[in-house]
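In what follows, a structure is listed as structure tokens, so that the remarks can point back to it.
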Amino acid sequence: MRPLTPSQRQILDHLVSTTDAGRQANYREIMGAFGFGSTNAVATHLRQLEAKGYIRCAARVAARSITILHASDGAPYLTPLERYRSLCSALGCLGWSHEKVIEVALRRRVA
């Protein structure tokens, strides 16, 4: 993957944190969070992130149409639910409680 600029990394991290919190940021929210003067600046950054393979924008007209493919460290991105399901299938046979699986899933990586 091509490396991210510091501002691209911040925007991607913002997208990841809002998605992990259970919602997606729209263009105006991103604009406000980073002090951009227009949604066109947001669109430019998102197009660059898409060109580098970190996100996919399903529809240019939909406000919340961003799919995160990779985190800023280049690792494949999984939503909290996907992490939970993956860990349940991988570790469920080890006798882990659901609480332990959730705790590990929310940390993103097994320590």
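A few comments on the model shown:
- Label-zone membership for the range 22-51, site GLN10, 7 angstrom Cα→C-beta point, backbone N under 14 Å: 30-37, 42, 45
- Selection from ASN40, MET1, TYR27, by position along the positive dipole direction of the range 1-59 (Cβ): MET1
- Distant-in-sequence amide H partners of THR67 (H built 1.01 Å from N, under 5 Å): ARG56, CYS57, ALA58
- In order along the range 27-33, phi translates into HN-Hα couplings of 4, 5, 5, 5, 4, x, 5 Hz, rounded to whole numbers, per the Karplus curve 6.51 cos²θ - 1.76 cosθ + 1.60 with θ = phi - 60° and x for Gly and Pro.
- Computed about the Cα centre, the dipole magnitude for the range 6-68 is approximately 180 debye when only Lys and Arg (+1) and Asp and Glu (-1) carry charge, each at its Cβ.
- Rounded, prolate or oblate (a/c below 1.5 giving rounded, otherwise prolate when a/b exceeds b/c) for the range 1-57 by Cα gyration tensor: oblate
- Placing a pseudo-label 7 Å from each Cα along the Cα-to-Cβ vector at GLU29 and SER17 gives an inter-label distance of 1.3 nm.
- 3J(HN,Hα) along the range 79-87, derived from phi through the Karplus expression 6.51 cos²θ - 1.76 cosθ + 1.60 where θ = phi - 60°, amounts to 5, x, 5, 5, 5, 4, 4, 4, 5 Hz, with x in place of Gly and Pro.
Here, each number is a calculation from the coordinates, and none is a lab measurement. What you see is a predicted model; the values in this text were computed from it and never measured. Note: ideal-geometry Cβ built from the backbone for every residue, glycine included; neighbour counts use all protein chains shown.
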